[in-house]
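What follows is calculated from the coordinates using simple rules that are stated; it is not laboratory data. Being a predicted model, the structure only gives us computed values, none of them experimental. For neighbour counting, all protein chains shown are included, and Cβ atoms are generated from backbone atoms with ideal geometry for every residue, glycine included.
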Amino acid sequence: MITTPTPDWSAIDTVILDMDGTVLDLHFDNRFWLHHLPAAYAARRGMSQAEALQHLVGLFNGQQGTLNWYCVDYWSAQVGFDIAALKPELKHLIQPRVDAFDFLARLHASGRQVLLATNAHRASLELKLAETTMGQWFHALVSSHDYGHAKEEQAFWQRLRQEHPFDPARTLFLDDSEAVLDSARRFGIARLISIVTPDSQTPPRTGLRYPAIDRFAELALPDSVHAPRSQTA
Ligand SMILES: [Mg+2]
C-alpha cells in the first residue's frame with residue numbers, strides 16, 4: 001500500500017470527487033448489478049440466477065470503460081426491461097462512505113471549489129441526490145453522460161474545465177477507479193487519491209497504484225478558511 005501523505009492544503013483550490021465508491025458506499029451498486037439485476041433477469045428469462053449473472057457479466061465486460069458500461073438506458077435495452085425502475089427497491093443501501101459527509105461539509109465551509117464528477121447516469125445520480133443530503137455541499141454535480149464522454153476520456157476533463165474552471169495544478173481528485181485516476185493524471189491534475197475499501201462489505205483492496213485512504217480524516221483538512229488563488233489559471 002502506498003502511504004498517503006497529507007496534502008498541502010494551501011496549494012489546493014479545487015477538490016473533485018467521484019460518487020460511487022468514493023463519497024457513497026459502492027455496496028449499493030455491487031448489490032444491484034451483481035445480485036438484484038441478475039435475479040430480476042433470471043425470473044424473466046426462466047433461468048437460474050447463476051446463469052443470469054454469467055450472461056450479464058459477459059455483456060458487462062464487453063463495455064467496460066465506455067459510457068455504455070455506466071448507462072442504464074443501454075443496459076435496459078440489452079436486458080429488455082427498465083433497469084432504473086428496479087433501483088429504488090434497494091435504495092435503503094444508498095449510504096455515505098464512513099466520514100464522507102463530514103468531510104464534504106468541512107470542505108464546503110473551507111471556501112474551496114467542490115465538484116462531483118461521476119460516470120453514473122443522470123437517473124442514478126438523481127436517485128442518490130434524492131436519497132442523501134450530499135447535493136448541498138457541491139458547487140456542481142456533473143454526470144459524464146451530460147458530456148457524452150466517460151471520465152476515462154480526455155474530452156471529459158476538457159469539457160469539465162470549460163464549464164467549471166479549475167487549475168489542474170491546484171486540484172485534488174479522489175476516485176476509486178485507477179483507470180479514471182490515470183485519465184485525470186494525463187490531464188495534469190496534481191493530486192490523485194484512491195479509496196482502499198469502496199464497498200463496505202468487501203475486504204480492503206491491496207496493490208493499488210495510487211495513494212489511497214479509507215477515511216477522509218486521513219487527509220487532515222484544516223478548519224481554516226482558504227482563499228482560492230484563481231479558478232482560471
Ligand atoms: Mg467510483
(request) Compute the distance in nm between two label points, each set 7 Å from the Cα along the Cα-to-Cβ direction, one at Arg209 and one at Ala130. (result) 3.8
(message) Between Gln162 and Leu90, what is the label-point separation in nm under the 7 Å Cα-to-beta-carbon projection?
(response) 3.5
(message) How large is the direction-averaged shadow of the alpha-carbon convex hull of the chain, in nm²?
(response) 12.2
(message) For a quick check: with amide H placed at 1.01 Å from N, whose amide H comes under 5 Å from Arg112's, ignoring anything fewer than 5 positions away on the same chain?
(response) His226
(message) Residues of the stretch 167-200 with the amide nitrogen closer than 11 Å to a label point 7 Å from the Cα of Thr6, along Cα-to-Cβ, please.
(response) none
(message) Need one number: % antiparallel among DSSP beta bridges in the chain, to the nearest 5.
(response) 5
(message) Give the aspartates and glutamates reachable from Lys87 as a straight Cα distance under 14 Å; neighbours fewer than 8 places away on the same chain don't count.
(response) Asp29, Asp73, Glu126, Glu131
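Taking the Cα centre of the stretch 28-93 as origin, sum charge times position over the Cβ atoms of Lys and Arg (+1) and Asp and Glu (-1), and report the length of that vector in debye to the nearest 20.
100
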(request) Sort 142-149, 57-64, 192-199 for me by packing, meaning the mean count of neighbouring Cβ atoms within 10 Å per residue, highest on top. (result) 192-199, 142-149, 57-64
(message) With the cut-off at 1.5 for a/c, could you classify the stretch 35-83 from its C-alpha gyration tensor as rounded, prolate or oblate?
(response) oblate
(message) For the stretch 74-93 and the stretch 1-53, what is the centre-to-centre distance using only Cα atoms, to the nearest Å?
(response) 15
(message) Show me, for the stretch 75-86, the HN-Hα J-couplings you get by feeding each phi into the Karplus relation (A = 6.51, B = -1.76, C = 1.60, θ = phi - 60°), rounded to Hz, glycine and proline as x.
(response) 6, 4, 5, 5, 8, x, 8, 7, 5, 4, 5, 7
(request) Please report, in debye to the nearest 20, how large the charge dipole of the chain is about its Cα centre when each Lys and Arg carries +1 at its beta carbon and each Asp and Glu carries -1 there. (result) 200
